[in-house]
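Presented below is the structure to which this report refers.
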Amino acid sequence: MDGSSGAQQEIADMRAIVLAGLVMVGTGQAQQTSSDTIFGLELNAPITLSECEKTKILGDYVYRSIVHDGMCYERSYKFKKTKRMYREGPLVDEQIVVKFAHKNRPPIGNGYSFTAILKGGNLISVFTRTDGIGSQTQDLALLDQKFGTPTRLERLSLQNGAGAKFEGLIAEWELPSGTYVRLASPDLTLASRPNVGSLSVMTADARAEQIGKEKAADAERTKL
């Protein structure tokens, strides 16, 4: 092998090493961003919880109001002859309510539960109410610590019917994985009260589906 061929081989070997390094870095990033979590549950993955315990009241079974140990989920039901008929079988495409044990209530949210949407058995969306204006500073700090600096942050100057003024905000995160996070304080789609806000977390596919529905709804509105 002459000097020129040897140099070309060394360059080729170096390129191969660099390419391998890039592949490893890319794989590591994908593993890091594909496991976004909220309330300890992984998005785009099955719910690893048990169904909440039921109790019998007046001949009908209802979920217990207090969760004593860990988290659990409640399924939807329909009434049949005054009795609740709960969905059965594996969790597939449905909306459930996830409940916290009282001692495990997270620092964000204004209750002991949140709504979760599943598709193909995987968690794709989470929604919970917050305490709005009263907790927005803490809520924003918690989300900033978990997800980083918001992609967009809008400060709101609002006034209620009694003339009182207050400052709200809308913060949005678009993570490298495509996960979308939105904190609305207050959430004006729910109520105009300053103590009602919301936190939404959804996968990229769930977000795209939501945008599609919103566009379809706008197209159906009566035009001026």
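Here, each number is a calculation from the coordinates, and none is a lab measurement. Keep in mind that what you see is a predicted model, and the values were worked out from it rather than measured. Here Cβ is always computed from backbone atoms with ideal geometry, including for glycine, and neighbour counts include all displayed protein chains.
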Open item on the list: So if I restrict to the alpha-carbon atoms in segment 37-222, what is the Rg, and what is Dmax, the biggest pairwise distance, in Å?
Closed with: 18.2, 52
TODO: Evaluate the distance, in nm, between pseudo-label points positioned 7 Å from the Cα of Lys54 and of Asp69 along their respective Cα→Cβ axes.
DONE: 2.0
Task: Sequence-distant lysines (8 or more away, or on other chains) whose Cα lies within less than 18 Å of Lys119 - done: Lys213
Open item on the list: Taking the alpha-carbon distance from Lys81 and a cut-off under 20 Å, which aspartates and glutamates remain once sequence neighbours fewer than 8 residues away in the same chain are dropped?
Closed with: Asp60
- [ ] Give a quick list of trypsin sites (Lys or Arg not before Pro) in segment 121-224 that DSSP marks as loop, anything other than H, G, I, E or B, with at most 12 other Cβ atoms within 10 Å.
- [x] Arg221, Lys223
Task: Size of electric dipole in segment 37-222: Cβ of Lys, Arg +1 and of Asp, Glu -1, about Cα centre, debye, nearest 20 - done: 780
Task: Residues of type lysines that Lys103 reaches as a straight line, Cα spacing below 25 Å, ignoring anything fewer than 8 places off in the same chain - done: Lys54, Lys56, Lys146
Open item on the list: For the ranges 58-67, 92-101, 117-126, what's the packing order if you count other beta-carbon atoms within 10 Å of each residue, average per peptide, and put the highest first?
Closed with: 117-126, 92-101, 58-67
Open item on the list: Suppose we look only past 20 Å in the calculated P(r) of segment 116-224. What percent of the Cα-Cα pairs does that tail hold?
Closed with: 48
